[in-house]
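Take a look at the structure below.
The values are calculated or read from the model by the stated rules, or taken from the named source; none is laboratory data. Keep in mind it's a predicted model, so treat the numbers as computed, not measured. Every residue, glycine among them, receives a Cβ derived from its backbone with ideal geometry; neighbour counts consider all protein chains shown. Each accessible area value is taken on the protein alone, full model and side chains, heavy atoms only, with ligands, DNA and RNA left out. Shrake-Rupley method; radii C 1.70, N 1.55, O 1.52, S 1.80 Å.
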Amino acid sequence: MSSDATPQQAYRAQVASSLADPRAFWEQAARDIDWIHRPREVLDDADAPFYRWFPDGTLNVCYNALDRHVVHGRADQTALVHDSPVTGTVRSWTYAELLDLVARFAGVLRDLGVGRGDRVVVYLPMVPEAVITMLACARIGAVHSVVFGGFAPAELAARIEDARPTVVVSASCGIEPTRVVPYKPMLDEAIARSSHQPEHCVILQREQLTCELGERDLDWASLMHPDAVAPAACVPVRATDPLYVLYTSGTTGRPKGIVRDSGGYAVALRWSMTHLYGVRPGETWLCGSDVGWVVGHSYIVYAPLLTGATTILFEGKPVGTPDAGAYWRMIAQHRAVAAFTAPTAIRAIKKQDPHAELVPAHDLSSLRALFLAGERLDPDTWRWASDHLGVPVVDNWWQTETGWPIAINPVGPDGALLDIRPGSPGPATVGYDVRVLDERGEEVPAGTEGAICLRLPLPPGTLPTLWQDDERYVSSYLSAYDGYYLSGDGGYVDEDGYVYVMGRTDDVLNVAGHRLSTGALEEALAGHPAVAECAVIGVADDLKGQVPRALVVLKSGIDPDEAGEARLRQELVDRVRAEVGPVASLRQVDVVDALPKTRSGKILRRTMRQIADGDTPMVPSTIEDVAVLDGLRPVLRG
Ligand code: COA
Ligand code: AMP
């Protein structure tokens, strides 16, 4: 590429070279990471479809996120800001201060017997201790597994059961705008439900609600007293060693443990922060997700700290804490250069402040771009944010599995690099070879919808496998089309390579940017003694993108009157809240006579969803009894 290439041409060339010669591209990117042993081999494909990036490299991710910045002159720069309107506090830590806390907590974990490769489950609200714990694990080579606070004990138990942690780190409570959520009873119940028993639980006592500590419980503050613990040094790990396991929802009730390696992830995230999100060392960035989700792992914790930037950890909501100007207030107060949230958060803000009257109350002159991800960015929301913020509003498409964007329009110092096309997150970025395939595995022409797939190998930072389950990794993602990763999303690519993601082709729900499993909700409903069978579908919702709706068939002989049925419906709503968590947001349950199925017994969820959304679906020819579906139409449309 000639030196007078435009930034657009240079980026397009980078994307092309990353596919033509991935080894050369990622070898270059890996230079921004401090290695203990610099990898000589970039990609090991001997065991395809199991690919390994930087197989002979060793490093420590915590060293790269903290120590090296302290060594290279950023000791006094703010690393982390905890902005917590729900507790009325804003606190910050420099890189040197955060390093001290992380090294001490790493010492605590070490003294509790946590070693390299051992798991630590983290069930914490949006408090700095969550970041400290994650980095402390990385420091000693332990594998963290963070569980989102909005999940109920059964979901936490499933993750404890699978990850088999030595230690669980949790808190006395979380704080939602309308209530204090006691975490400790949920943790105790989860451990009681699990066949695996952690050796210790470290509990952060919060002043809003303290809890009693049991035999295996230890108090965070006492353990962290400088006299009680010696700081731990960084342990060298292989680039291919797991940094974390993050569970995500598939279609069944059993969550999938997405494994993240250490070296590939560090390289990809460091590259993405500057080259895609346009954030440079020393700058401040706001990511309004939760550390329990992949966006929080990658862009609250790892990417900004690997970059030497300042990251804001927000314990609040986009609306109601105290108002729909919370993001704008934080951007102004902390001089953030870019912000990242989910479209649903913007829809919530727009609903409360339709004319964006709270925007001019804050000085947003530092802001260069707003990034949105987690669900489809509808053009109305995009337009509203673009009009009122006056900066590029950039959609980006990715998944827990990939760890960083697949398709995005990168932002440089002069704004978005490529044309923004509302409805599309942009073209595939470096390392991702996106193809749209039909049922026979043939590539479809530009503009035609199909299954969005990624040609193997996936770039660094993406999942190498599922936690201790290579077989499920292959059957879930790699077996549909030989040589491709199946994203689970449907959509198309236009003539210019812009990807359009139209929604899941499986039964995974996306509620307010939160990924939920139909299977988990259905299992909770099916556990009710009156339920013979049930189906959950995700229907379109103006605020949350989708909300779940349940249809249940009662056991024969159970025929409640109107009041009895209302009681039963409430019991089912309560059951899902108790078993899956409040985040499931199930409000509507309908009792029906039968569910529409194919002749082989598969429930036609997608057809029902399309009817509920007001579309006219093609009814599959394999339907067992079309009268059942016709009978349901008024209920679904109601
Ligand atoms: N701990 C305990 N409960 C939680 C929780 C947590 N960490 N997070 C959410 N909940 C509860 C909420 O209090 C709510 O309970 P309620 O039914 O008693 O009101 C329920 O789970 C649903 O929460 P939520 O989906 O957040 O809906 P909401 O109506 O409270 O708020 C939004 C709507 C749009 C403001 C909110 O969903 C939001 O901020 N979304 C951004 C999503 C996001 O960042 N996603 C990450 C991907 S990028
Ligand atoms: P999660 O693994 O929780 O990040 O959810 C990933 C899923 O969310 C994807 O498979 C998509 O269905 C959806 N998703 C995330 N980002 C986008 C986006 N920018 N556009 C459309 N869908 C998205």
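Secondary structure note: in segment 512-637, about 75% of the DSSP beta bridges are antiparallel. Express the Stokes-Einstein translational diffusion coefficient of segment 384-535 in µm² s⁻¹, to the nearest whole number, given a Kirkwood radius over alpha-carbon pairs, 20 °C and a viscosity of 1.002 mPa s. Diffusion coefficient, whole number: 123 µm²/s. The 3J(HN,Hα) values that the Karplus relation (6.51, -1.76, 1.60; θ = phi - 60°) gives for segment 315-328 are, in residue order, 9, x, 10, x, 10, x, 10, x, 8, 7, x, 4, 5, 5 Hz. Gly and Pro appear as x.
Rounded to the nearest 20 debye, the dipole magnitude of segment 22-491 is 540 debye, with +1 charges on Lys and Arg beta carbons, -1 on Asp and Glu beta carbons, and the Cα centre as origin.
As a length-normalised measure over Cα pairs under 8 Å and 6 or more apart, the relative contact order of the chain settles at 12 percent.
Label positions at D227 and D542, each projected 7 Å from the Cα along the C-beta direction, are separated by 6.1 nm.
Spin-label model, D34/A563: points 7 Å from Cα along the beta carbon direction are separated by 7.1 nm. Only helices enter this figure: runs of n ≥ 4 DSSP H residues, each worth -39500 (n - 2.57), summed and divided by the residues of the chain, yield -8000 deg cm²/dmol at 222 nm to the nearest 500. For the pair K351 and E533, the difference between a 0.36 nm per residue extended length and the Cα-Cα distance amounts to 61.8 nm. Over segment 512-637, the hull volume per residue, using the convex hull of the C-alpha atoms, is 113 Å³. The residue among S249, P620, H69 whose Cα reaches farthest toward the positive pole of the charge dipole of the chain, with charges on the beta-carbon of Lys, Arg, Asp and Glu, is H69. Taking amide H as placed 1.01 Å from N in the peptide plane, the amide H of V169 sits under 5 Å from that of V121, V122, Y123, V202, each at least 5 places away or on another chain. Stretching the chain fully between S17 and S621 yields a gain of 212.9 nm (0.36 nm per residue, less the alpha carbon separation).
In the chain, the portion of solvent-accessible area held by carbon and sulfur atoms comes to 48 percent [1.4 Å probe, whole percent, DNA, RNA and ligands not counted]. Taking only the C-alpha atoms of segment 313-445, Rg followed by Dmax gives 16.2, 55 Å. In this view, the solvent-accessible surface of C173, computed with a 1.4 Å probe and all protein chains in place, comes to about 0 Å². Over all pairs of different C-alpha atoms, segment 51-98 has a mean inverse distance whose reciprocal, the Kirkwood radius, equals 12.8 Å.
Accessible surface of E155, taken over heavy atoms with a 1.4 Å probe and every protein chain present, rounds to 20 Å². All Cα-Cα separations within the chain were binned at 20 Å from zero, giving a P(r) of 19, 55, 25, 1, each value a whole percent of the pairs. Using the Cβ-Cβ distance between D323 and E449 with R0 set to 45 Å, the FRET efficiency works out to roughly 0.65. Across segment 1-120, the volume of the C-alpha convex hull divided among the residues equals 226 Å³ per residue. The 3J(HN,Hα) values that the Karplus relation (6.51, -1.76, 1.60; θ = phi - 60°) gives for segment 369-383 are, in residue order, 6, 10, 9, 10, 7, x, 6, 5, 8, 6, x, 4, 5, 4, 5 Hz. Gly and Pro appear as x. For the pair S475 and E41, the difference between a 0.36 nm per residue extended length and the Cα-Cα distance amounts to 153.4 nm. Kirkwood Rh, Cα Rg: Rg to Rh for segment 413-474? The Rg/Rh ratio comes out at 1.06. Overall shape of segment 201-284 was characterised from the C-alpha gyration tensor. The equivalent ellipsoid obtained from it has semi-axes of 32, 22, 17 Å, in decreasing order. Straight-line cross-link reach from K597 at under 13 Å between alpha-carbon atoms covers these aspartates and glutamates, not counting any fewer than eight positions away in the same chain: E533, E624, D625, D630.
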